[in-house]
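Novice: Would you mind keeping the following structure in view while I ask a few things?
Please treat every number below as a calculation from the coordinates, not as lab data. A quick note: this is a predicted structure, and the numbers were derived from the prediction, not measured. Virtual Cβ from ideal backbone geometry, glycine too; neighbours counted across all protein chains shown.
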Ligand SMILES: Cc1cc2nc3c(=O)[nH]c(=O)nc-3n(C[C@H](O)[C@H](O)[C@H](O)COP(=O)(O)O)c2cc1C
Ligand code: SF4
Ligand code: FES
Ligand code: FES
């Protein structure tokens with residue numbers, strides 16, 4: 001397919017859509033599906049048929065609309081109406097009422113205002129098509145401007161020019177460490193092929209508990225990721241790509257398979273794309289539930305069919321990666337940013353965000369916050385704004401306690417830093433990280449030593465065991481934290497825990513071990529009082545730790561108080 | 001003796017081996033297809049038994065130790081048969097702070113099993129997962145492959161109780 005043919009197809013598709021008076025969107029991404037949104041869709045369709053309105057009304061299954069907690073969500077694109085918690089016909093009359101009211105007043109009982117800060121204050125680049133297009137139809141993606149960037153790059157730009165735009169955009173890797181994407185691309189572009197090959201890998205492992213950005217992008221707009229990978233492959237000189245997705249994401253896998261097939265049929269992937277000499281083939285590889293496989297060298301081992309053990313770097317994958325060939329490995333969201341940057345230019349992207357953190361970031365907002373779901377915000381938005389305006393604050397009149405970012409590699413941010421802007425540097429300055437974008441809000445019902453124990457349990461079970469500091473150190477730290485939360489620890493245990501934080505951080509081979517102490521270190525720093533309470537007073541203020549006293553509930557602490565030294 | 005790829009016939013007449021052979025063929029019987037092949041075996045048979053592992057090893061011309069090593073490294077693979085029903089409780093961060101521990105305790109109370117175990121009557125297996133990606137609806141549980149959100153201990157108890165009674 002050529003650029004002209006692509007534009008023509010988009011035009012035809014657009015015309016077809018303008019003929020539909022009411023295009024009703026039903027979210028069919030995972031969270032809404034688990035609330036039976038597929039049946040909502042079916043009953044809306046049945047209802048429209050019953051009213052004989054098939055000519056002017058169309059129901060479309062779309063990707064995640066963001067406010068997953070209020071799902072299933074339904075919207076009417078013609079008038080911007082948005083409905084929440086819609087139940088299918090066998091439960092009540094929601095779908096009947098929606099169809100009956102198409103031309104009259106909206107159904108108030110179900111209405112959700114699109115004017116909420118949750119929707120209004122987002123800036124969508126990565127998610128621009130999410131909730132708008134049918135992820136299982138490539139025509140929908142093309143109609144939204146999809147594949148224009150790829151074909152433009154192939155026919156009008158040299159690979160170096162593509163890299164230049166990415167560099168200019170200031171895009172940094174969204175998989176955690178924030179490495180400059182343009183720099184990585186140019187390293188791979190400069191490396192000489194091994195046995196004639198270079199590879200592109202999309203990291204869709206998303207092992208961070210509490211994070212679902214990548215899943216949502218893959219389920220809602222899979223073509224976008226394929227297009228980003230193809231542009232990258234052209235820029236670095238690769239002809240073969242792999243998407244590594246965790247097996248726990250069956251819907252994302254299904255939609256990726258459909259997307260790859262459709263793109264191949266249209267000649268947008270495969271041999272001689274757009275009649276050029278560039279060929280690019282993408283294959284899917286399934287993860288098998290190992291967090292460490294998100295680490296790039298472990299991921300490469302896993303694609304090779306081996307155990308996912310990391311290896312020392314250098315050599316970096318950019319020089320020696322998959323089957324020893326230069327390999328570009330980027331995160332799902334990083335690739336999803338590529339097409340718009342090529343379409344609008346690097347300078348456009350660089351104008352969004354802060355000085356060192358450009359563009360937007362997608363966050364999975366979860367935990368003790370009113371509006372849980374997926375948001376995309378410009379870098380630099382204050383954390384307080386994210387939690388209280390977009391997130392709608394803490395439910396049940398409880399108090400904010402901490403925001404956890406970056407999952408097991410990240411840390412807990414206390415209230416005093418709530419006015420901090422969300423960007424790579426600020427988060428790092430308080431001991432946490434941006435990570436892949438999990439943002440979990442905790443209130444007074446969370447006990448911080450218990451949270452630290454939770455993450456350490458995660459790290460020691462997920463440690464691949466290759467190096468001793470991580471394999472043994474994390475188990476030891478977990479034991480110490482268990483003693484603390486059981487009210488059995490001594491002040492010496494606390495000192496040992498702090499020493500282990502240093503040892504494990506500084507002597508582990510890969511990022512898993514190096515960052516495993518972060519949740520412990522930040523909670524020790526900002527919530528030390530809770531540790532002291534557990535150790536010296538045998539008290540758990542949050543009332544989480546079993547067997548310990550809770551102030552105001554049981555007044556007498558259990559067990560013998562330890563000697564107070566600190 | 002160097003075996004030709006795909007030269008070893010399936011261990012028995014079971015038709016499901018053909019699906020596994022399909023996956024191996026699609027990857028040209030190359031050793032890097034191992035994980036994909038194990039996924040197919042588990043999809044077909046529910047778990048990876050010794051017979052399957054040995055057959056896969058010979059067909060991909062890999063040492064058995066390597067196949068076993070991969071099968072045990074990844075949490076998603078299981079070497080034990082599962083119960084008729086499975087209940088996967090998400091223990092990711094969002095679910096944890098919204099009470100997944102209480103859900104596990106509820107299953108333990110009803111079926112007398114802890115995570116990783118199958119009930120004595122082979123009806124129910126309890127598993128845990130590190131985030132099934134529906135954190136917005138935490139706590140989440142996957143009942144027989146279907147994700148359910150905002151699950152309460154009462155709901156999970158009821159579900160498991162029903163499964164335990166059903167001996168059909
Ligand atoms: C233990 C560990 C787990 C990781 N998990 C992921 C992951 O799930 N997804 C991801 O994109 N990157 C993950 N990373 C980061 C990758 O190693 C790598 O830096 C990233 O995929 C590069 O892509 P980017 O430059 O686009 O961020 C992980 C790193 C470590 C150390
Ligand atoms: S730090 Fe941990 S996960 Fe990383 S290589 Fe060492 S043992 Fe494996
Ligand atoms: S899954 Fe439906 S709104 Fe997110
Ligand atoms: S933490 Fe349970 S679904 Fe993500």
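Novice: Over what distance in Å are the Cα centres of the range B:26-102 and the range A:307-384 separated?
Specialist: 30 Å
Novice: Another question, if that's okay. Once you have a ≥ b ≥ c as the square roots of the Cα gyration tensor eigenvalues for the range A:121-189, tell me rounded if a/c is under 1.5, and otherwise prolate or oblate according to whether a/b is larger than b/c.
Specialist: The shape class here is oblate.
Novice: Give, as ranges by residue number, the residues of the range A:523-537 whose backbone N falls under 17 Å from the point 7 Å along Cα→Cβ of residue A:495.
Specialist: A:532, A:535-536
Novice: Just how far, in whole angstrom, is the range A:513-530 from the range B:144-167 if you go by their alpha carbon centroids?
Specialist: Centre-to-centre (Cα) distance: 36 Å.
Novice: Pairing the Cα long axis of helix A:491-507 with the longest principal axis of chain A, what angle in degrees results, from 0 to 90 and rounded to the nearest 10?
Specialist: It is inclined by approximately 40 degrees.
Novice: Then there's this: Where the eigenvalues come from the Cα gyration tensor of the range B:58-124, what are the semi-axes √(5λ) of the equivalent ellipsoid, largest first, in whole Å?
Specialist: 30, 17, 8
Novice: Something else: Quick check: from the Cα gyration tensor, does the range A:201-320 come out rounded (a/c under 1.5), prolate or oblate?
Specialist: Cα axes put the range A:201-320 in the oblate bin.
Novice: Now a separate question. Let me check the size of the range A:315-367 from its C-alpha atoms; what are the radius of gyration and Dmax in Å?
Specialist: Here Rg and the maximum Cα pair distance are 14.9, 42 Å.
Novice: Using the 2.2 N^0.38 Å rule of thumb for compact globular proteins, work out how the protein assembly as shown stacks up: its C-alpha Rg over that value, please.
Specialist: Rounded to two decimals, the normalised Rg is 0.96.
Novice: Angle check, please: helix B:16-26 long axis (alpha carbons) against the longest principal axis of chain B (alpha carbons), in degrees 0 to 90, nearest 10.
Specialist: 70 degrees
Novice: Provide the packing ranking of A:490-502, A:162-174, i.e. peptides ordered by the mean count of other C-beta atoms within 10 Å per residue, highest first.
Specialist: A:162-174, A:490-502
Novice: Here's something else I'd like to know. Taking R0 as 35 Å, what FRET efficiency do you get between residue A:347 and residue A:85 from their Cβ-Cβ distance, rounded to the nearest 0.05?
Specialist: My answer for the efficiency is 0.25.
Novice: Quantify how strongly other chains surround peptide A:156-163 by giving the mean number of their Cβ atoms within 10 Å of each of its Cβ atoms.
Specialist: Working: counts 0, 0, 0, 0, 0, 0, 0, 0.
Mean partner-chain Cβ count within 10 Å for A:156-163: 0.
Novice: Based on DSSP H runs of at least 4 residues, each adding -39500 (n - 2.57), what is the mean residue ellipticity at 222 nm of the protein assembly as shown after dividing by all its residues, to the nearest 500 deg cm²/dmol?
Specialist: Result for the protein assembly as shown: -12000 deg cm²/dmol, rounded to the nearest 500.
Novice: Against the longest alpha carbon principal axis of chain A, how many degrees, from 0 to 90 and to the nearest 10, is the axis of helix A:37-50 turned?
Specialist: Relative to chain A, helix A:37-50 is tipped by roughly 30 degrees.
Novice: If you average the C-alpha positions of the range A:460-492 and of the range A:404-434 separately, how far apart do those two centres end up, in angstrom?
Specialist: 24 Å
Novice: Multiply the residue separation of residue A:550 and residue A:284 by 0.36 nm, subtract the distance between their alpha-carbon atoms, and state the gained length in nm to one decimal.
Specialist: 90.7 nm
Novice: Output the peptides A:81-89, A:337-345 sorted from most to least packed, where packing is the average of other Cβ atoms within 10 Å over each peptide's residues.
Specialist: Result, highest mean Cβ count within 10 Å first: A:337-345, A:81-89.
Novice: For the pair residue A:49/residue A:532, report the inter-label distance in nm, with labels modelled 7 Å from Cα in the Cβ direction.
Specialist: 6.9 nm
Novice: Moving on to the next point. Give the calculated FRET efficiency between residue B:43 and residue A:115 to the nearest 0.05, with a Förster radius of 56 Å applied to their Cβ-Cβ distance.
Specialist: For residue B:43 and residue A:115, the calculated efficiency is 0.75.
Novice: Run the simple label-point estimate for residue A:19 and residue A:323 please: 7 Å along Cα→C-beta, distance reported in nm.
Specialist: Each label point is offset 7 Å from its Cα along the Cβ direction, giving 4.7 nm.
Novice: Return the average number of partner chain Cβ atoms within 10 angstrom of each residue Cβ along peptide A:291-299.
Specialist: 1
Novice: Ignore the peptide's own chain and count Cβ atoms of other chains within 10 Å of each Cβ in B:123-134; give me the average, rounded.
Specialist: 6
Novice: Shifting gears a bit: Once label points are set 7 Å from the Cα along Cα→Cβ at both residue A:506 and residue A:156, what is their separation, rounded to one decimal in nm?
Specialist: My value for the distance between the label points is 5.4 nm.
Novice: Follow-up question, since we're still on this one. Where a ≥ b ≥ c are the square roots of the eigenvalues of the C-alpha gyration tensor, would you call the range A:6-100 rounded, which needs a/c under 1.5, or, failing that, prolate if a/b is larger than b/c, or oblate?
Specialist: Values: a/c = 2.21, a/b = 1.36, b/c = 1.63.
Note, shape of the range A:6-100 comes out oblate.
Novice: When the chain is fully extended, how far beyond the present Cα-Cα distance does residue A:419 get from residue A:56, taking 0.36 nm per residue of separation?
Specialist: Values: separation 363, 0.36 × 363 = 130.68 nm, distance 4.84 nm.
Here the answer is 125.8 nm.
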